[in-house]
Amino acid sequence: MEDITISINMGFTHNEFKRLLPKALRSDDYTISEVGTGMQVQHNLEDGKSVQMNISEVMMRQITPLVGFSNVDVDIIFSGYTKSEMEDKLALIRRGFQKGGG
């Protein structure tokens with residue numbers, strides 16, 4: 001099975017990302033490594049599957065001269081997943097990182 005990579009932009013700082021990560025992965029069994037100005041998360045499952053997240057440095061998106069928000073680019077690499085399994089896992093991850101009530 002080939003690895004499947006999904007790239008998304010998320011409105012978080014590294015600290016916010018770390019705080020929500022256990023909920024998003026439905027686990028606290030993962031490692032976080034600092035990689036340059038970014039981070040890497042490795043989550044290995046007992047069935048041989050794994051999820052790796054490469055998180056960019058924190059960037060600032062300016063909406064107006066006085067309003068902006070932090071965001072990061074995230075590459076999520078699914079290893080050992082079928083397309084259907086990856087879609088299900090990605091939906092759980094997105095739900096875990098969801099902000100607000102929407």
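Scan THR13, THR37, THR64 and give me the residue that is within 14 Å of PHE97 (Cβ to Cβ) and polar (S, T, N, Q).
THR13
So the check is Cβ under 6 Å with 6+ separation or different chains; which pairs have a first residue in segment 48-65 that's touching a residue at least 60 places away in the same chain (Cβ under 8 Å) and a second one that's aliphatic (A, V, I, L, M) and assigned to a strand (DSSP E or B)?
Between residues of segment 48-65 that are touching a residue at least 60 places away in the same chain (Cβ under 8 Å) and residues that are aliphatic (A, V, I, L, M) and assigned to a strand (DSSP E or B), there is no close pair.
What is the one condition in (1) in contact with a strand residue (DSSP E or B) (Cβ under 6 Å, 6 or more places away or on another chain); (2) over 17 Å from GLY11 (Cα atoms) that ASP47 does not satisfy?
Only one criterion in (1) in contact with a strand residue (DSSP E or B) (Cβ under 6 Å, 6 or more places away or on another chain); (2) over 17 Å from GLY11 (Cα atoms) is unmet by ASP47, namely (1).
One residue is enough: does segment 6-20 have a residue meeting the conditions buried (at least 17 other Cβ atoms within 10 Å of the Cβ) and without any contact (Cβ under 8 Å) to a residue 40 or more places away in the chain?
no
Pick from GLY68, GLY48: which is surrounded by fewer than 14 Cβ atoms within 10 Å (Cβ to Cβ) and on the phi > 0 side of the Ramachandran plot? Spell out the reasoning first.
Values: GLY68 fails: on the phi > 0 side of the Ramachandran plot.
Step by step, each of GLY68, GLY48 is checked, and only GLY48 is surrounded by fewer than 14 Cβ atoms within 10 Å (Cβ to Cβ) and on the phi > 0 side of the Ramachandran plot.
Just one of (1) under 20 Å from ASP28 (Cβ atoms); (2) surrounded by fewer than 14 Cβ atoms within 10 Å (Cβ to Cβ) trips up LYS83, so point out which.
(1)
In the set SER27, SER33, SER84, which member is over 18 Å from ASP3 (Cβ atoms), of a type in the set (Gly, Ala, Ser) and not in a loop (DSSP other than H, G, I, E, B)? Reasoning before the result, please.
On the way: SER27 fails: not in a loop (DSSP other than H, G, I, E, B); SER84 fails: over 18 Å from ASP3 (Cβ atoms).
Exactly one residue qualifies, and that residue is SER33.
No lab work stands behind these numbers, since they all come straight from the coordinates. Just so we're clear, the structure is a prediction, and the values are computed from it rather than from any experiment. Positions of Cβ are backbone-derived with ideal geometry, glycine not excepted, and every protein chain shown enters the neighbour counts.
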